[in-house]
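Structure first, commentary second.
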Amino acid sequence: MSETVQKLLDAVEAWQYEDEKFVAGNSAAGTRARKELQEIAKLVKTRRTEITEEKNTRKEAKAS
């Protein structure tokens, strides 16, 4: 598993924890949950780029 995937999984876990606290009535946890969602968005973009690069590398290697 790549480092980005592990970071993404960790961020999702952190978001779930904070979201549960927010739903239970802790307003400050809402801010932390939103922060984790932003981190998830960044990591998703990074992973998409990694996948595209790997796909293109494989395509080039196959063409050679």
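The values are calculated or read from the model by the stated rules, or taken from the named source; none is laboratory data. The structure displayed is predicted, hence computed values, not measured ones. All Cβ positions, even for glycine, are placed from backbone atoms using ideal geometry, and neighbour counts span all protein chains on display. For accessibility, only protein heavy atoms count, side chains too; no ligands or nucleic acids. Shrake-Rupley method; radii C 1.70, N 1.55, O 1.52, S 1.80 Å.
Taking the Cα centre of the chain as reference, the dipole from Cβ charges on Lys and Arg (+1) and Asp and Glu (-1) amounts to some 320 debye. Solvent-accessible area per residue in the chain equals 83 Å², computed with a 1.4 angstrom probe and all protein chains kept.
Going by alpha carbons, how many degrees (0 to 90, nearest 10) lie between the helix axis of 27-63 and the longest principal axis of the chain? Helix 27-63 sits roughly 10 degrees off the main axis of the chain.
Look at the dipole of the chain built from charges on Cβ: of 1, 64, 25, the Cα furthest out on the positive end belongs to 64. For the chain, the relative contact order works out to 34 percent when only alpha carbon pairs closer than 8 Å and six or more residues apart are counted. Binning the C-alpha pair distances of the chain at 5 Å intervals from 0 yields a P(r) profile of 4, 19, 19, 15, 12, 10, 8, 5, 4, 3, 1, 0 %, listed from the shortest bin outward.
Each residue was assigned an accessible area with a 1.4 Å probe, and for residue 2 the value is about 40 Å².
Rounded to the nearest 10 degrees, the inclination of helix 3-23 to the longest alpha-carbon principal axis of the chain is 20 degrees.
In the chain, helices alone account for a calculated mean residue ellipticity at 222 nm of -32500 deg cm²/dmol, with every DSSP H run of four or more residues adding -39,500 (n - 2.57).
Counting only protein heavy atoms and using a 1.4 Å probe, what share of the accessible area of the chain belongs to carbon plus sulfur, as a whole percent? The computed percentage sits at 53. Any aspartates and glutamates with Cα under 15 Å of the residue 59 Cα? List them, leaving off those in the same chain fewer than 8 positions away. The qualifying aspartates and glutamates are 50.
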